[in-house]
Amino acid sequence: MNEDRKCPNCGRPIPFDANLCPYCGKKFIESGIKTERTHTSFGIASLVFGVIAFCLLFIPRGFIPYSLMSLYCALNLLIGALAMIFGGFSYWIKKPKDAYGKIGFILGILTVVIGFLQFIIYSSINY
Ligand SMILES: [Zn+2]
């Protein structure tokens, strides 16, 4: 036990690894560094990419010039894939789990599946 640490609220010596003061019940924010960060940059990036990729699926294909169509589809799939990768990383691998990552991952999967089907249907129509 390290007696050097003192409660910032009541000033009494407290255990070094305490999450709250045993005397006054004050909770310490500085010991919450490893616990209370719910959203990571990967999770937020995943959510943003997922929403963008999913919205791109619903832009009517007639608005897109034919010459740019395959580029557009590839970009749409790429953004969806990034959402999946970032989302999977931030929700299943990185700690703490980021709920944004899960949403981004789901949107990413939907985008890749729907986008791929759209691409197949679109390219078969144009043969
Ligand atoms: Zn205290």
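Derivation of every value follows stated rules applied to the coordinates shown; laboratory data play no part. Quick caveat, the model's predicted, so the values are computed rather than measured. When we count neighbours, we look across all protein chains shown, and the Cβ atoms used for this are built from the backbone with ideal geometry, even at glycine.
Averaged over residues, the count of other Cβ atoms within 10 Å places the peptides 108-114, 62-68 in the sequence 108-114, 62-68, highest first. Over the chain, DSSP H runs of length four or greater, each weighted -39,500 (n - 2.57), average out per residue to a 222 nm ellipticity of -17000 deg cm²/dmol.
So for the chain, averaging the separation of alpha carbon pairs under 8 Å that are six or more residues apart and normalising by length, what relative contact order in percent results?
Once divided by the residue count of the chain, the mean separation gives 25 percent.
By the Cβ-Cβ criterion of under 4.7 Å, the unpaired cysteines of the chain are Cys55, Cys73.
The orientation-averaged projection of the convex hull spanning the C-alpha atoms of the stretch 77-127 amounts to 3.2 square nanometres. Projected over every direction and averaged, the convex hull enclosing the alpha-carbon atoms of the chain yields 10.4 nm².
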